[in-house]
Structures are given as C-alpha cells and as structure tokens.
Amino acid sequence: MKKIIICIAIFALIMGIIFIYFKLVKNNNSIFSSEKTENVEENINKNSISYTGWLKTSGAELQNEHGEKIQLKGLSSHGIQWFPDVITYDNLKELKENWHINVFRIAMYTDQNVNGYIAHPEESKALVKEIVQYAKDLDLYVIIDWHILSDNNPQIYKQQSIEFFDEMSREYADTPNVIYEICNEPNGYDVKWETSVKPYAEELISTIRKNCPKSLIIVGTTEWCKGIKNAADDPINTPNIVYACHFYAGSHRDELRSKIDYCREKNIPIFVSECGITDATGNGRIYEEEFKKWIEYLNNNNISWVFWSFCNKDESSSILTPEYKIQTTNESEEISTETTSEQVDENTEVVKIDDYLTETGIIIKSLL
C-alpha cells in the first residue's frame with residue numbers, strides 16, 4: 001500500500017512538472033506574439049497611402065479606409081499649360097518630406113482660349129499622367145482638377161469632360177492616390193446649382209464610379225465655389241463625394257465660414273480645394289493674419305485644404321519667385337516651355353525650392 005501511495009505521489013509530481021512546463025511555454029509564446037504584433041504596428045506608417053488607402057466620407061467628416069479621420073493639406077499647381085517646369089519629381093519630394101504636404105492638386109485649365117485641355121487634349125493628358133506618376137511614386141494623394149474658370153458653366157464642355165474622366169478613372173481604377181475634382185469654380189448669374197452644376201456632376205460621378213467605385217470625388221459649387229449652401233440644401237445622393245469651397249483671405253471671411261458651419265451641421269462634407277493668402281485676384285496685398293485665422297478654423301474642424309499656388313508667376317499668391325528656373329546640367333540654360341517632361345527629368349539639376357521662396361512661400365511652409 002505504501003508503495004502504491006509513493007507511485008501516485010511521484011506520478012502527480014511528474015504531471016505537475018509537465019503542466020507547469022507547458023504553461024510557461026504557452027505564456028512565453030503569448031508574450032512573444034504580443035511583442036511581435038506591437039513591433040509590426042510600430043512599423044506601420046499611418047501617413048502612408050498604403051495604410052490610409054481609399055478615402056471616404058462619414059457625415060461631414062473625411063476618413064481613411066480604416067474609418068479614422070484624415071485631413072489633407074497641400075498645394076495646387078497654377079495652370080499646368082503655363083507653369084509645368086516647376087512640377088518635378090524632386091520638387092514634389094521636397095514638398096512632401098520637408099513641407100509635409102500629403103496632397104498635390106493638378107490644375108488643368110480647360111478653356112481653349114487659354115490653351116487649355118480643349119485646345120490641346122493629348123498634351124494635357126500626358127502632363128497630368130506624368131504628375132500623377134510622381135505622386136504615386138512618392139505616396140502622395142493627387143487631385144486631377146478639371147479647371148473651368150472663364151468657361152464658367154461645366155455644361156459647355158460636358159462631353160469632353162465625360163471622355164476625359166472616363167479615361168482617367170479607367171487608367172487609375174485601382175489607385176487610391178487619385179482624387180477627381182470635376183468642375184473648378186462654376187460661376188456666373190445663369191449658372192445655377194439645380195440646373196447646371198448638379199446634373200453635370202451626377203453624370204460625371206456616374207462615369208467615374210463605373211470604372212472606379214471607391215474614388216473620392218470633389219464637386220465644385222456655384223459662385224466660384226462659395227455657393228455651398230445650395231449644395232447642402234439639395235445634395236447629390238451618392239457616397240464619397242465632398243463639396244468644394246474656395247476662399248481668399250482678403251475677400252472671404254466670417255460669412256463664408258458660417259456657410260461651412262451650416263453645411264457641416266447638415267452632414268455635408270466640405271473640402272477646400274483652393275485657397276489663397278491674397279484677395280480673390282490672387283495678387284496684391286498679403287493678408288497673413290486673416291489667412292492664419294482661416295487655417296486655424298480648418299484645422300480645428302479637420303477640413304482639408306489646398307493652397308494656390310505652387311508656381312513662379314510674378315504675383316503675390318505664388319510660392320516661388322520669378323527668378324526660380326529649372327537649369328540644364330550641361331549648359332545651365334533655362335529650359336523652354338516646349339521642352340518635354342522626359343527631357344526635363346533627364347537633363348536638369350535640382351534647384352532648391354527654399355532658396356527661391358516668396359514671403360507667401362515662407363508663411364505657407366510654416367503652416368503646413
């Protein structure tokens with residue numbers, strides 16, 4: 001009997017040791033797995049498009065594909081038919097890494113009277129695609145902007161717009177970087193939201209969605225994108241669209257901000273796809289304090305904004321001075337506007353943006 005008890009005790013001891021051993025192994029594996037998961041999470045860049053992905057709306061808010069709030073902040077080109085040379089891979093890389101932009105807007109004017117897309121469709125498309133490729137390589141969001149202005153009614157070139165965005169949305173159907181802005185600044189007494197802009201937008205949205213159902217679309221509003229209350233009272237019934245509001249600090253202040261508040265109270269998402277530090281002319285006096293007031297308002301409300309403009313035009317809203325020139329590596333000559341983008345990439349040297357900043361450029365860099 002005594003031997004039996006001893007055997008049972010030894011057996012129980014052995015089983016206890018085995019149990020404790022496996023318990024410790026399990027705990028160690030659990031700890032290891034936890035540490036491994038934490039390390040993986042630490043290595044995720046939550047500002048990269050590989051993480052943020054397709055943008056979407058939720059009420060008045062813009063979100064990434066994980067349902068987290070996101071704010072885009074960046075710069076717009078001036079008309080790419082006039083100032084293409086400053087938009088290089090190196091310059092966009094500098095703007096991303098040292099200015100901290102996460103979006104760049106391609107302002108493709110459409111009016112044939114200013115050598116826009118209607119006059120030069122193939123050249124315009126080639127330049128847009130080149131800049132989009134820069135943005136993809138740099139992990140930036142990029143806005144393809146159908147930049148109507150003097151051709152004030154989006155209905156004027158509606159068929160060309162449908163063809164353009166059909167091609168672009170097929171080209172970038174699987175590219176979350178690309179955002180489509182389908183009508184910059186509709187304007188004019190006869191251009192109404194309900195008869196001109198909304199019907200146009202519904203057709204364009206349908207065209208893009210057919211090819212790219214998850215893309216974010218920016219819809220311009222009347223009165224040079226000040227008529228946002230009209231859109232809020234008669235919104236387009238489709239997800240993942242935002243409505244454009246444009247301001248220039250010297251011309252637009254509390255009244256326009258109150259309109260944005262009105263829209264947000266009605267769960268209408270607003271995207272400031274163009275804004276400036278001057279008055280609405282884009283030139284003249286700089287309204288630094290009024291502009292800072294705007295940026296504080298936008299940042300506090302998580303509203304995305306894009307500044308006009310990244311170019312070297314001789315006007316107050318420009319980021320760069322007119323002296324900024326791309327230089328050839330061999331001859332140190334200014335490259336003409338006829339030079340192709342491929343030649344620019346092959347034959348140019350990097351010219352530091354910060355060496356040619358205007359007063360406006362210095363202010364905007366500090367706010368991004």
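Has the range 87-105 got at least one residue that is within 16 Å of Tyr180 (Cβ to Cβ) and either out of contact with any Gly (no Cβ under 8 Å at 6 or more places or on another chain) or polar (S, T, N, Q) (or both)?
no
So how many residues does the range 296-320 have that are out of contact with any strand residue (DSSP E or B) (no Cβ under 8 Å at 6 or more places or on another chain) and among the polar types (S, T, N, Q)?
Count: 4.
When you scan the range 90-198 for strands (runs of 3 or more DSSP E) that lie fully inside it, which ones turn up with 1 or more residues that are over 22 Å from Pro213 (Cα atoms)?
By residue number, 103-109, 141-147.
Given the criteria open to solvent by 60 Å² or more (accessible area, probe 1.4 Å) and under 21 Å from Asn184 (Cβ atoms), does Asn102 qualify?
no
If I ask for residues that are in a helix (DSSP H, G or I) and touching a Lys or Arg at 6+ places or on another chain (Cβ under 7 Å), which ones from the range 223-250 would you list?
The answer is Ile228, Lys229, Ala232.
Considering only residues of the range 173-185 that are touching a residue at least 40 places away in the same chain (Cβ under 8 Å) and open to solvent by less than 10 Å² (accessible area, probe 1.4 Å), which is farthest from the chain's Cα centre (by Cα)?
The qualifying residue farthest from the chain's Cα centre (by Cα) is Asn184.
How many residues does the range 264-280 hold that are of a type in the set (S, T, N, Q) and surrounded by 14 or more Cβ atoms within 10 Å (Cβ to Cβ)?
Within the range 264-280, residues that are of a type in the set (S, T, N, Q) and surrounded by 14 or more Cβ atoms within 10 Å (Cβ to Cβ) number 2.
Considering only residues that are among the polar types (S, T, N, Q) and open to solvent by less than 10 Å² (accessible area, probe 1.4 Å), which ones fall in the range 281-319?
Selection gives Ser304, Ser309, Ser317, Ser318.
Just a yes or no: is a residue in the range 252-275 part of a loop (DSSP other than H, G, I, E, B) and hydroxyl-bearing (Ser, Thr, Tyr)?
no
Quick one: what pairs do we get from the range 196-208, first residue within 22 Å of Glu167 (Cβ to Cβ), second of a type in the set (Phe, Trp, Tyr), C-beta under 7 Å, 6+ apart or different chains?
Leu204/Phe165; Thr207/Phe165; Ile208/Phe165; Ile208/Tyr180
Tell me which residues, restricted to the range 210-239, are of a type in the set (D, E, K, R), touching a residue at least 40 places away in the same chain (Cβ under 8 Å) and either within 19 Å of Ser161 (Cβ to Cβ) or surrounded by 17 or more Cβ atoms within 10 Å (Cβ to Cβ) (or both).
Lys210
Out of all the residues in the range 154-161, is one or more surrounded by 16 or more Cβ atoms within 10 Å (Cβ to Cβ), modelled with pLDDT of 95 or more, small (Gly, Ala, Ser) and at negative phi?
Yes, the range 154-161 has at least one match.
Applying the selection to the range 282-320, what residues are in contact with a Leu (Cβ under 6 Å, 6 or more places away or on another chain), more than 13 Å from Ser77 (Cβ to Cβ) and part of a loop (DSSP other than H, G, I, E, B)?
Correct list: Ser304 only.
Considering only residues that are among the polar types (S, T, N, Q) and within 19 Å of the chain's Cα centre (by Cα), which ones fall in the range 216-263?
Those that are among the polar types (S, T, N, Q) and within 19 Å of the chain's Cα centre (by Cα): Thr221, Asn240.
Using the structure shown, decide if Lys325 is closer than 12 Å to Ile87 by Cα and either modelled with pLDDT under 50 or not polar (S, T, N, Q) (or both).
Judged against the criteria, Lys325 is a match.
The values are calculated or read from the model by the stated rules, or taken from the named source; none is laboratory data. The model shown is predicted, which means the values in this text are computed figures rather than measured ones. Neighbour counts run over all protein chains shown; Cβ positions are idealised from the backbone, glycine included. SASA here: full protein model, heavy atoms, side chains in, ligands and nucleic acids out. Shrake-Rupley method; radii C 1.70, N 1.55, O 1.52, S 1.80 Å.
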